[in-house]
Every structure is written in C-alpha cells, then in structure tokens.
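See structure below.
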Amino acid sequence: MAKSSRSPRTGRKSLFTLLLIAALAITTGAVDALKPETTAALKGLQRSSAADVVPGRYIVEFDQAPAIPDRPTESIGSPAAAKSQHQTFSGYLASTGLDEAVKVDKTYSHVFNGAAITVTEESQLLKVAAAPGVKAVHPVFIHSISPIEKKTAAENVRRIEYGLRKRADATPQMVFANNMTGVSAVQNDLGLTGKGIYVGVIDSGIDYLHPAFWVTGKQCTQWKGDGCRVVDGKDFVGDDYNTRDPAHNVPNPGPTPMDCGGHGTHVSGIIGGKDETFTGVAPDVTYYAARVFGCDGSTATDVIIDAIETTFLANVDIINMSLGGGASFNDYVESKVVDKLSRRGLLVASALGNDGTKGLFQASSPGLARQGLGVGSFDNAYIKQDVLSVAGVTGLKDVPYTVDSDIKVKFALETPLPIKRTPNPVTAADDACTPFPAGTFKDAVALVQRGTCTFAIKAANAVAAGAKGVIVFNNRAGSFSGGLSDPAFPVPVGFIGQDAGKAIYAAADGTNQVSFTFHEDAKITLPNPTGGQPSDFSSWGVDPTLLIKPDIAAPGGLIYSSWPLKKGGHNTISGTSMATPFTAGVLALYLEKNPKGVKFETVRTRLQNTARPALYPAAGLPWPVAKQGPGLVDALAFITTQQTVSPSRIELGDSPALDTSKQTTLTVTNTADKPVTYNLLHQQAVSVFGEGGVAQDKLQYSTKGAKVTIQPATITVGPNKSAQFTVTVQPHAGGAPAGHWLLSGYVVLESDATSAVKSTLRVPYAIMKGDYSTYPQIPNPVTEGLPLVSTAPLGFWNFTSDMPKVPMYDDPSTTTEPFTLKGLDKPLILATSQLITRLQVISLIDAKTGAKLGYLPAPQEYVGNGAYFAPDSGKVDAKTGKEIYGWDGTYFKTAEKAIKGADKDAIDAPNGAYFWQLELTAPSTNIDNYVKLLRPVWKSPKIVIDRNYVPPSTTSSSTTAATTSTTAASTSTTAAGSVSTTATGTASQTATGTATATGSASSTVSGTATAPDQTKTTGTGSATATATTGSGSQTATATATATATATGTASGSVTVTGTASGSATTTGTATATTTQSPGTTVIPCPPCPGGTKTVIIVQPTATVTTTVAPCPVCPGGTKTVIISPPTATVTQTVTPQPTMTTVPCNVCQRRRQDGDCDSRRRRSPPPSRRLVTVPESPIETKPVPVATTPAPVPVATQPAGDSYGELEVPEEPIATKPKRCHRKKKTQQRHYTMAAY
C-alpha cells in the first residue's frame, strides 16, 4: 500500500468542513441525453442550505475548561488557566515558525477557552491542530442581515418590511402585540417596566440618541450621557465592516456602537423603547450595545463570540441575539456558548430563524441551544395601515397599502393616478417576470401580481413599459410588504393585499377608468388576517435529534419600533428577530419581579407552561408543536401563575416498533397558599409529514395522531406541595397515516370549576411515528437520477445558469470513461440532501474484490437540505477564486482520519476500477458519537482510474461529392515517376469521371497547419484519373509519395511534372492518412454548445484545410490540447473542392463493446467518436487561402465575463477525449442572519 505523494492542499480547508450553504432556489437549463427523471430532478434544484464560512479564519478551542464549564458535571475553570494555555499556544507558534502564517486575532477565556486565528497558508492548520492543549479547530461562520423572507428565484420578499416611517404604512403596532400577549396588563396592572434590568443587545448597535432610549425626563445628547439608557457598549467592527467583502473584512471599530443600519435600534425598541409613538415591552431597561455588524453586510462567529464574552463581563442580566443561520445541530460552538451562559444565571433569547417556507428541521444556531430560548414568530393581531382611495371599482373605496419607503421617489399626494393592469391573466404565476410590450403602462401606475421573480424585476419590467409607478398585489391571502433594495429606483413602488388587487384587476379591463389617490395621513386599523397565527417565515422544528423547538413564540410579524433618526426614526419590519427581543422584554419584566436566584430551567418551565398554542384554521386543532412550540407567550400568566409542571416538554424521540409505548412522569408544583385541583386532558395537535425535504406549502397534515393516556384523570395539589401523574403515548395506536409523521399535542392541566385557584397549564409533546434512523436523507436514486457521478467541471456550476454539458453517470451498472486525475479530469458526485445531516463521507470500494479500502478526503459536516458537490479538493482556482471539486486519487483508512485530512495519512489509490459509496450519519436522537452512525445510502457506477490513459486510435471518415477543375500546364515535380497524357481534341475539352488511388508513385505536399488535431501528416499513394471528353479521352497516371508537416489544419499544394491540354472536371474522392505525434496547441472554443462545428475543405488538388476538433461546450472560452506518445493514426476521407460542413457536437459519450453508441443510459454527450455527419444545407463560406509558409498558431483568450476556464486534456487526442468545460464552485459560506430575517 503506497503512501500518498500528493502535494499539500492549498485551498480553503478546515479540520471541520461544516458546509451549510444558504438556500437559493434555481432553475436549470435542459440537459441533453439525461433520462427524463434525472432532468426533472436537476430542474429546480436547490443548493444545500447550510453555512457560509469565512476563508482563512478559524476558532481554536483549547482543552482546559473556561470560566464556565461545558456541562454541569465539569469543574468550573478559571480565566487564569485559560490564559496560560493561550500563552503556551503563542509560544508554540513562535517556536515552530508558524507565527508567520498564523496570526492570533483574539483570545477568549470566560464563555469559551480558545483563540480566533487568521491563517495565510491553510496547509498549516494541521500543525495548529497538533499544538499542545488544542481540542478542536472550528471554521468561522458568516452572519448576515437578511430580509424577512429568503430571496429565492421563486420570490424576493424582503425579510425587512420597510416603509412605515412617519407618512408611510403604519402607526404604533406594539400596542396590539402587547395586548395579545398580556404585556399591557403587566405594565398597567402590575406596574412592571423592566426597571433595574440590564439587557445586552448583540446586533448592529443602537442609535442611543433616539428619544426612545432617553431616561424619562431627560435627553441623551452624547455617548454615555446622563440622559441615556444605553449606558455602555462597544463597537467591535466599524461602519464599513463586511465579512464577505475582502476590502472590508478586517474590523476597524469606532468609538461608540452607534447604529447606522437600523436592525439593532429596531430590536432594542421592541425590548424597551418608548417615545410619543410607541412603547416597548420593558420601557425602563438599560442597555449594553454590542455592535457586531457594520452599516450593511455581514459579520462572523469569532466577532460574535468576542461580543458575547465582553457582554457577559459587563454583568448584564439578559442577552438578546436576533441572528441565526441555516439548519444546524445544537453542538456548534455558538449554541454551546449559550448553554454555558445559562449556567451562570444569564437568560439568552435567540432567533430560531426565518426559513419556515423550507419545511421541517430548519431551526438554526444559536437558537438550537439546549439551555437557551429559541424563539419563533407569530403574526401581529392588528395592523394600522395607510390607505389609498380607489375610483372606478364597484364596492371598493379604501385600500390598505405599504410602500418601499427606501425609494426616494414618492407617489404624488391628493392626485388621482390612472391604473393600468398587467396584460397577463390573474392566474399567471410569473406575472411581470418577463418584459412587457412597449407602452403597456404608458403614463400610468402598473398593477402587477406577486410571484416567481423578484420585486425588482417586476418593477423594472413595468418601468420599461412606461409605468410611472408600480403597485404589486399579493398572490396569497393577507397583507405584506416588499422592497427592491434600490433607493435610486426611478418610480415609487407599493404593495396591496390579494382581495383588493383582484378586484382592481377585474375593474381595470379597459372599459372604464380606474385610479388611485394617495393621502397624507389616512390610516385604518384592521385585523390582520393571519394575526395570532404562526408566521409563515418562522422556521420549523423539531431539531435534528427530535428535541422540541421553538422553545417559545412571540409577535414578530409586522412589528413597529424605533429606527435610526437619520433613516426616519421608526419602521415596521418582520422576522423571528422581532419575536426574540419581545421575549427578551418579557424576561426583563419577570426579572424585575423576581430579581434573585433565577435559574434558566425555572424560567423556561414557567414560560412554556403558560404559553397559548394557536389553532390550525382548517382543522380546529393546534398547529404542530414543530411549528409553534408551546405557543405564544402570555406575559401576565408567565409572571403571575404560581403553579408549574415539569418537565415542561415531553420529547419522546421515535417509535421503531409497532407496539411502542412511551411513558413519562410529570410533577405539578403549587407555590400558592391554597390547593388547586386540575382536570388532566389531552389536546391533540395536527400531525405533519414532510419527508423528502419538501417546502412548507407541500407539507401534509392529518387530524390523526397518537393515542395518549393520562392517569389519573384529575389531580389535587396542596399549598406548597407537589403531585405526580403519568402520560403514556402510543404513536401507532392513534390511527395516524403510515410513514415518518411527526405526532404532537399538549397535555393540558385545567383548574376545576370548584378550585379556589384558577390556572391553565400546558406541556407540549412530540414523537415521530416510525424508525427515525430510516428517515430518507436523499432522493430515490432510481426515480430521481441523483446522486450522479460526473467530472470536475460540473463543480463550477453555479446552479443558476444552464447546466454544463459534461459526462454524467447515475446508473450503478455502468462504467465511466477512465479518469487520469490530471488537471480537471477528476470524478465528483452531485448529490442532494433532504434532511440536515451531521456528517457525509464517501467510502472507496475496490470493484474487483468488493473490499472497502477507506474514505475519500474532505468529508462534509452539517449538510443542509439541497444540492452539493463532493469531494472538495481543497484547492481554489487562481483565476476565479472558485473552489474545485473532484477526487485527487487519495483516501484515508478511517473516517476520523479523513476528517482531519493529514497528508501523512493519505494513501494513493492505484489505477483500477472502484465504486464510491455515499455514507451519511443516520438520523438519530443522539449524535454524541456521530461518526459511528454512518450508513451507506447510495453506490456509484464503476469509476475507472488510469493515470496513464491514452485513448485508442480513432478513425473518422467524411466523404462529399465535389468536382476538380484542371487546365493545361507545365509543372515541376519532386517525385519519381512519370505522368502520361493522351488526349484527342483541343483545349477547353471537358470530361467527367472518377478518381481512384492506385500505384506507387511519389509526390511532395508542403504548406502550413492550423488543424487542432494533427501535428504531422504523411501520406503515400497514387491516383489514376480517367475522363472522357466529347470526341476523345484523357488518361493521367501518377505515382507519388507525399509528406506533409502540419500543426493544426494542413494547407499546401501538390505539383506534378507533366503536361496536359484541355480541361477536365473530375468527380470523386481522395483518401489521406494522418499520424498524430507530440505537440501542443490552443484552440478557441466556438460558441456552439450542443450545436455544430465547421469543417472547411479547400482546393487545389490535395490541399486540405480542415477543423477536426469537435465543438466543446464552452462558448467563448479556450481549451488546451496536449497530444502525447504513443502516436495515433486518423484516416479521413475528404474531397478536393471548397465546401463547408457542419457537424453535430453531440455524440454518445461511451460505447458498448461492439463500438456502437449505447443510447439507453447516455448522459450529456462529449465530442464525436465515430462518423462525421453532414447536414443537408451546409452554410456557405469562402475558401481559406493556402498558406505557403508555416504560420504561428494563434492562442485564443477567454472573453471577459465568461466563467469557463481553459480545457486541459493531457493525454488524449481531441477526437477521442470528452470535452469538459471547467467551471468552479463559489466558496461555501454560511449565513447567520440578523433579526429582520
């Protein structure tokens, strides 16, 4: 077994690849030769939703305990011990010379014992991992401020719902949120305002000069002034900081945490802002502002951990983190840090995420922390909106609307504006996504419908058709706000509800005039159609180990709060980022009443026991627990109720056996001075089914659930006493449908009518019907055609453009063409995940023996829903900065070694045939030892590796009819032999006939070459031509030996000694033999992917200029062709007459043993392997002049903006090597989005 001789991996690489890619819905172009099911699977493919990683930045975790332990059983460390390890680490870097390539940016010793580092050479990470005391090396994730709903190809609704400043869309709505949650009663009846509670806000900073954050009766006029409730804080990044921008990804903190973005100010206003327009939840709290975002852009994990540690040291009582990322597990560093904070008495509220539209299992970190509160969102109950007046629509007068108030141009006030509707039918799902006919909306406001494409595209198409403004109406029930993210857009853009939009559409049919009139301050208070319901954008649980998330829900849809003064002062936006600070404010009210000795579990129990679940409208049963958790927070009950039930949630995992019966004992505690009697009830929630990673709108629901038995039926608990009861859940006995259904509901304790104490308590439960370990993680390969094996260039596909036409293999019974592993001639897989997966590896199996040899490099961790490539080569293309995917031919004996990726452990796989086996960690309720959970889910076609592979000689024939015209001449000859001519008659006699190569004469051919497929051409042969002219005949016999030297397309002339009188036109063919020898040339790729190539044949006799290379699939790019020994012979039949031939590029990419193309399982075809075909109507072209001296070979350069690189085909003649246009994949990076999701 040979150790690997591979060069060090120089691209982005970490010991933990942690690949979580932001979800982007896309549509691909057609992929020729794929079977229909595979083509269908590729269309609409989504990239894996997971994490964005900052290249070159890592977090080193040391093994000594920090000041806060990881687990309750661990001893509490000390900052001094942690700092000692930091010094040891710095000394190690200096002594080993690593300090040149590894920079320590920051150290942590309290909430986390570690260091943030930047590496200039990522190959040094292995040495970093080997340093004394290093426990692990983690990547740094990117956290971004995101709009309210994901910007996908299907929709571009902004998560931030702008437009509610002064004149715009709404007035104070916090009053509605406060009323629906009991906050108003707590403030008014109990007099609680959060006084004395110190809240840390880790966000984009706070506009501390805003009146909403002044001390009552005072003004805040400067940082840390006497009238400021933002009493302290720190800027960790500066205004221009943006992790994604290389020019601004180094923090440059300012002197204060002033917010120039708006998000942090909005969040802080919800927690406790107060001015003349709104009142937050706890209006007397004070703030510590930790600014981790610039004015725009993103931040990173190392910055956030630094902020958490600093905020902790500031002795805050509550931390709010309205940020999060893609689907994850609860063992990532941020979630673990939150767990540590709770053990020190801090209460942490974190957004669960805004990926609700993506279906189940989308909860994100740090909201996944077991000892933190992951918060979901409910829509506000009422909204107060601006209204416009409508004329020309029967029964419709006032219409609520919102506007994109970032756009500087506004709708004219008190002036009727004519409306012209879209010419598309109201049923069109993609209205305004393509250009309208010119003048469609001339001098009018365009009315178009939401859906499919971005608002920016819709508005731009309307403006191009003459619109002076744009109104977008909803394609679903309810109100909404959108935005273009373009303040300079030339016309105003507004948004209205579905019902009003449809009524206006029907009236604006051209038979009568319809108009809008906008007013200065016309508003209306309306019940929100989805008020009191879980927000559609709020991420679904449960977590990937079937633990219940969210922990609580709060109002987050359409929330009015403060905004930086320079940007308008107030705004209404939506997201779990709004629900999170609402929860933090409720916690502040609780702490004011209970200031001492608060434990996190006590707080969570009370919060969950008193929450109120919402009913699913279509069923009359509560929404699934996976969507709403225990329900909407009830602040009054949370603070005043004196009874609790623990545990506060029943997490039952899965149920592999049909007779599964799980029992839990619950304890009721009564701290009141009177007894309470409860009736114990079961409230079933709607069951939900989401296999296949389906989106929210494709989820299935059922009113059938588990059978739940509660004993006893009633229970009485005395003053300051506790009592117990049991709950038994039988998931297979309740009639729920077959499959992996999530069954859930609530155990309800309702006080008896005769009881002196009145209270209602609830405990949510959740269980999966069936064996979770069998939950499908990938699509069915037989029906979907995925995963599949292809070549490295496929990894450059960005999932938005047409799919490159490269070889693809998805049938396990097939065998690939040999891979040389040189350049980009490497195999990869394209796979899709339907469930967040802890670890993905590819094992290597010997095709002859069936023995499992080991694992390919670069396993991926935290693989979210969607498509991904593997393996990651660890290298980045120098030109484009995109990662290269493909196997380098090495493997590791164990999965653990593959994860670490040490070069010393890599083994070279010898040439031969192999299978790849995709293995994923099986879904499980316990991932502590996730590597041991790996299981095979797919086996590849046979993959052939041959580093010395040279394709066999290939024959290509082409015959066309042509005529040759000769005239009487006297020429010189360099060939032995003679030419005899016999003719009767005079000059200008013409005959037709045939030409046949015979004899053994010799002649010389000379000329230049530009043909891509031949470097030298030699030929021998003879020709006899017989022709008959009117009154006589002519016979010419020549014997010649010809030699031609060509690089590329041969062009030259043949001269033969002899004389002839008269002229003759001969129809026939000629045969030439070419031999390919070592040489290199660079050839421009013609813009004809899947189309044709041009072959030009030029007269005079035996002078041939021909383009032999098949057309590749890289329009406008270049390919490098290298021909190496041994030589290969190509025989071509050509005609001695100028003509042009167009040849289809698509010929089968593999053959059966009989040499014919096997069309049964073909993939995207490579170049021609067999016959050159001639279309019926070739394009006309002028003959190429014959060059008399060799000409230099031109080098084609890659056009600007073309994403293809050079084609490197190391050891095969062009005629036989599949053309792989190499596209490189964008660096994977994780999105941790901020509060306005």
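Just to be sure I understand, how many residues within the stretch 335-345 are in contact (Cβ under 8 Å) with a residue 40 or more places away in the chain and either in contact with a Cys (Cβ under 7 Å, 6 or more places away or on another chain) or assigned to a helix (DSSP H, G or I) (or both)? Before you say what the answer is, go through the steps one by one.
Here is the first cut: in the stretch 335-345, the ones in contact (Cβ under 8 Å) with a residue 40 or more places away in the chain are 336-337, 339-345.
Pick out the ones that are also either in contact with a Cys (Cβ under 7 Å, 6 or more places away or on another chain) or assigned to a helix (DSSP H, G or I) (or both) and you get 336-337, 339-343.
So the count comes out to 7.
Here is a list: Asp521, Asp551, Asp536. Which entry is in the same structural domain as Ala579 (by TED's automatic domain parsing) and farther than 23 Å from Val448 by Cα?
Working: Asp521 fails: in the same structural domain as Ala579 (by TED's automatic domain parsing); Asp536 fails: farther than 23 Å from Val448 by Cα.
Criteria check complete, one pass: Asp551.
Going by the conditions given, is Val603 within 25 Å of Val338 (Cβ to Cβ) and in a helix (DSSP H, G or I)?
On the way: within 25 Å of Val338 (Cβ to Cβ): yes; in a helix (DSSP H, G or I): yes.
Against the criterion (within 25 Å of Val338 (Cβ to Cβ) and in a helix (DSSP H, G or I)), Val603 qualifies.
Would a scan of the stretch 817-829 turn up a residue that is buried (at least 23 other Cβ atoms within 10 Å of the Cβ), more than 26 Å from Ile907 (Cα to Cα) and within 20 Å of the chain's Cα centre (by Cα)?
Scanning the stretch 817-829, I find no residue that is buried (at least 23 other Cβ atoms within 10 Å of the Cβ), more than 26 Å from Ile907 (Cα to Cα) and within 20 Å of the chain's Cα centre (by Cα), so the answer is no.
Picking from Ala153, Ala130, Ala136, Ala168, which residue would you name as being modelled with pLDDT under 95, in contact with a strand residue (DSSP E or B) (Cβ under 7 Å, 6 or more places away or on another chain) and closer than 25 Å to Asp302 by Cα? Even if it seems obvious, please write down each step before you answer.
Working: Ala153 fails: closer than 25 Å to Asp302 by Cα; Ala130 fails: in contact with a strand residue (DSSP E or B) (Cβ under 7 Å, 6 or more places away or on another chain); Ala168 fails: closer than 25 Å to Asp302 by Cα.
Selected residue: Ala136, the only one of Ala153, Ala130, Ala136, Ala168 that is modelled with pLDDT under 95, in contact with a strand residue (DSSP E or B) (Cβ under 7 Å, 6 or more places away or on another chain) and closer than 25 Å to Asp302 by Cα.
For the subset of the stretch 221-237 comprising residues that are among the basic types (Lys, Arg) and part of a loop (DSSP other than H, G, I, E, B), which member is surrounded by the fewest Cβ atoms within 10 Å (Cβ to Cβ)?
First, pick out the residues of the stretch 221-237 that are among the basic types (Lys, Arg): 224, 229, 234.
Filter once more, so that each one left must be part of a loop (DSSP other than H, G, I, E, B): 224, 229.
Values: Lys224: 12, Arg229: 23.
Selected residue: Lys224.
Report, ordered by the first and then the second residue, all pairs with beta carbons closer than 6 Å, sequence separation of six or more or different chains, a first member in the stretch 658-687 that is free of Cβ contacts under 8 Å to residues at least 12 places away in the same chain, and a second member that is surrounded by 17 or more Cβ atoms within 10 Å (Cβ to Cβ) and of a type outside the set (Ser, Thr, Tyr).
none
Please go through the stretch 394-427 and pick out each residue that is in a loop (DSSP other than H, G, I, E, B) and hydroxyl-bearing (Ser, Thr, Tyr). Break it down into steps so the answer makes sense when it comes.
Step one: list which residues in the stretch 394-427 are in a loop (DSSP other than H, G, I, E, B), which gives 394-397, 404-412, 414-416, 422-427.
Matches in the stretch 394-427: Thr394, Ser405, Thr415, Thr422, Thr427.
Counting only residues that are part of a loop (DSSP other than H, G, I, E, B), surrounded by 24 or more Cβ atoms within 10 Å (Cβ to Cβ) and of a type in the set (A, V, I, L, M), how many does the stretch 194-210 have?
Residues meeting the conditions: 2.
Is one or more of the residues making up the stretch 262-270 outside any strand (DSSP E or B), among the small types (Gly, Ala, Ser) and farther than 28 Å from Ile573 by Cα?
So in the stretch 262-270, the residues outside any strand (DSSP E or B) come out as 262-270.
Narrowing the set further to residues that are among the small types (Gly, Ala, Ser) leaves 262, 264, 268-269.
Within this subset, residues satisfying the condition of being farther than 28 Å from Ile573 by Cα are none.
No: the stretch 262-270 contains no residue that is outside any strand (DSSP E or B), among the small types (Gly, Ala, Ser) and farther than 28 Å from Ile573 by Cα.
Here are Phe176, Phe213: which of them is within 22 Å of Ser577 (Cβ to Cβ), buried (at least 17 other Cβ atoms within 10 Å of the Cβ), modelled with pLDDT under 95 and aromatic (Phe, Trp, Tyr)? Let's see the steps before the verdict.
Values: Phe213 fails: modelled with pLDDT under 95.
On inspection, the qualifying residue turns out to be Phe176.
Could you check, for the stretch 397-410, whether at least one of its residues is of a type in the set (S, T, N, Q) and more than 30 Å from Glu61 (Cβ to Cβ)?
Let us first name the residues in the stretch 397-410 that are of a type in the set (S, T, N, Q), namely 402, 405.
Of the ones still in play, those that are also more than 30 Å from Glu61 (Cβ to Cβ) are 402, 405.
For the stretch 397-410, residues of a type in the set (S, T, N, Q) and more than 30 Å from Glu61 (Cβ to Cβ): present.
Does Leu621 satisfy the condition of being within 23 Å of Leu360 (Cβ to Cβ), outside the structural domain of Gln730 (by TED's automatic domain parsing) and either at pLDDT 95 or above or charged (D, E, K, R) (or both)? Walk me through it before giving the result.
Values: within 23 Å of Leu360 (Cβ to Cβ): yes; outside the structural domain of Gln730 (by TED's automatic domain parsing): yes; either at pLDDT 95 or above or charged (D, E, K, R) (or both): yes.
The answer is yes for Leu621.
Can you pull out every residue in the stretch 452-485 that is surrounded by fewer than 24 Cβ atoms within 10 Å (Cβ to Cβ) and of a type in the set (Lys, Arg)?
Correct list: Lys468, Arg476.
Residues Leu632, Leu589: which one is buried (at least 20 other Cβ atoms within 10 Å of the Cβ) and within 37 Å of the chain's Cα centre (by Cα)? Write out each step before concluding.
Numbers: Leu589 fails: within 37 Å of the chain's Cα centre (by Cα).
Step by step, each of Leu632, Leu589 is checked, and only Leu632 is buried (at least 20 other Cβ atoms within 10 Å of the Cβ) and within 37 Å of the chain's Cα centre (by Cα).
Can you find a residue that is more than 30 Å from Ala867 (Cβ to Cβ), polar (S, T, N, Q) and part of a loop (DSSP other than H, G, I, E, B) anywhere in the stretch 788-798?
Going residue by residue through the stretch 788-798, those that are more than 30 Å from Ala867 (Cβ to Cβ) are none.
No, the stretch 788-798 has no match at all.
Under 8 Å between Cβ atoms, at least 6 apart or on separate chains: pull out the pairs that start in the stretch 771-795 with a residue that is at positive phi and of a type outside the set (D, E, K, R) and end on any residue that is surrounded by fewer than 18 Cβ atoms within 10 Å (Cβ to Cβ) and in a loop (DSSP other than H, G, I, E, B).
If the second residue must be surrounded by fewer than 18 Cβ atoms within 10 Å (Cβ to Cβ) and in a loop (DSSP other than H, G, I, E, B), the pairs left are Gly785/Lys35.
Yes/no per residue for (1) over 29 Å from the mean Cα position of the chain (by Cα); (2) farther than 21 Å from Gly182 by Cα; (3) not polar (S, T, N, Q):
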{"site": "Ile552", "(1), (2), (3)": "no, no, yes"}
{"site": "Leu558", "(1), (2), (3)": "no, no, yes"}
{"site": "Pro564", "(1), (2), (3)": "yes, yes, yes"}
{"site": "Gly568", "(1), (2), (3)": "yes, yes, yes"}
{"site": "Gly575", "(1), (2), (3)": "no, no, yes"}
{"site": "Val598", "(1), (2), (3)": "yes, yes, yes"}
{"site": "Thr602", "(1), (2), (3)": "yes, no, no"}
{"site": "Thr605", "(1), (2), (3)": "yes, no, no"}
{"site": "Gln608", "(1), (2), (3)": "yes, no, no"}
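Quick one: in the stretch 710-767, of everything that is at pLDDT below 95 and of a type in the set (D, E, K, R), which residue is farthest from Lys662 (Cα to Cα)?
Filtering the stretch 710-767 for residues that are at pLDDT below 95 and of a type in the set (D, E, K, R), the one farthest from Lys662 (Cα to Cα) comes out as Lys758.
Taking the residues in the stretch 304-317 that are of a type in the set (A, V, I, L, M, F, W, C) and under 33 Å from the mean Cα position of the chain (by Cα) as candidates, determine which candidate is surrounded by the fewest Cβ atoms within 10 Å (Cβ to Cβ). Walk me through how you get there before you give the answer.
First, pick out the residues of the stretch 304-317 that are of a type in the set (A, V, I, L, M, F, W, C): 304-305, 307-308, 312-314, 316.
Add one more test, that the residue is under 33 Å from the mean Cα position of the chain (by Cα), and what stays is 304-305, 307-308.
Numbers: Ile304: 25, Ile305: 23, Ala307: 26, Ile308: 28.
Here the residue is Ile305.
Is it true that some residue in the stretch 288-303 is crowded, with 24+ Cβ neighbours inside 10 Å, within 16 Å of Gly864 (Cβ to Cβ) and small (Gly, Ala, Ser)?
Among the residues of the stretch 288-303, not one is crowded, with 24+ Cβ neighbours inside 10 Å, within 16 Å of Gly864 (Cβ to Cβ) and small (Gly, Ala, Ser), which makes the answer no.
The values are calculated or read from the model by the stated rules, or taken from the named source; none is laboratory data. Small disclaimer: the values here were computed from a predicted structure and weren't measured. Here the Cβ is made from the backbone with ideal geometry for all residues, glycine too, and neighbour counts use every protein chain on show.
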